[in-house]
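Have a look at the structure below, then the notes.
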């Protein structure tokens, strides 16, 4: 068995549960005489899907999950139409809760809403057509509780995702978020044949601030610096803290010359604390780490020059 992911395990568990219920209804909890081949077929398909998902393991992609989770939308029609008992019909509606939660957690929000609310609308429509308006109160409870639960899970997921790419101290992008946005920016720049530049920033003698004035003052210095830079750049640019006193600024539609002008303007407008910078311009085909590394090395050269200039200026 291949190595599994949360997505593959959750999808497999959903289909295993989806297979157990029709299997039990066709055997242990059978309400009518004679075999229920329809339920046995659904159970077989569910178990087959779960086995296929586990077989794929970590190769079970988001696109594959979206395709597989379309199947419950298709099976809801015969399941409701062929059910022999009203209670069985309504019990199948409770599958909406794990179904919607899976969609919201593992798939894009727009797709989860499209599939989830389509399933809910289809289920409610068929129930009303078959049983009339008597079950409306139960259906309303199912719709409201399911929708609220799914939307709350979605909000929680968005919050977790946002925190995962945000620096907790400075409230700007962290390195993970920066690299994700860098990949998208590179793809856009190469597709449109537009320039892309990076400014790598590092505070000068930040260790002296921490050692001499304490880490609380040091943290506040980083927060103030990040806030000032963030206020001075364009909304389309990407500013991130890489860790410690190192920051990166990705300038969209800017070449090295424009990046230099931006960095010098920022240093004039934010002179305290003192900081050094290095610049690199994206070269088609290079790896993102090389793009960042070139700017980092040039920042180090700038820092060395500034230190030497400061020493030479002392009489």
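Details
- Tallying residues that are surrounded by 13 or more Cβ atoms within 10 Å (Cβ to Cβ) and either more than 30 Å from the chain's Cα centre (by Cα) or under 22 Å from residue 100 (Cβ atoms) (or both) within region 1-42 yields 29.
- Residue check, residue 45 without any contact (Cβ under 8 Å) to a residue 60 or more places away in the chain, farther than 14 Å from residue 68 by Cβ and either loosely packed, with under 15 Cβ neighbours inside 10 Å or out of contact with any strand residue (DSSP E or B) (no Cβ under 7 Å at 6 or more places or on another chain) (or both): no
- Spans of helices (runs of 4 or more DSSP H) in region 75-160 with at least 1 residues over 27 Å from the mean Cα position of the chain (by Cα) and farther than 20 Å from residue 46 by Cβ: 86-93, 109-131
- Residue satisfying all of: in region 18-35; outside any helix (DSSP H, G or I) and touching a residue at least 12 places away in the same chain (Cβ under 8 Å); farthest from residue 95 (Cα to Cα) among these: 32
- Residue among 137, 183, 145, 118 that is out of contact with any strand residue (DSSP E or B) (no Cβ under 7 Å at 6 or more places or on another chain) and under 30 Å from residue 277 (Cβ atoms): 183
All of the numbers you see were taken from the coordinates with simple rules; none came from a lab. Just so you know, these numbers come straight off a predicted model, no measurement behind them. Using ideal geometry, Cβ is built from the backbone for each residue, glycine included, and neighbour counts are taken over all protein chains shown.
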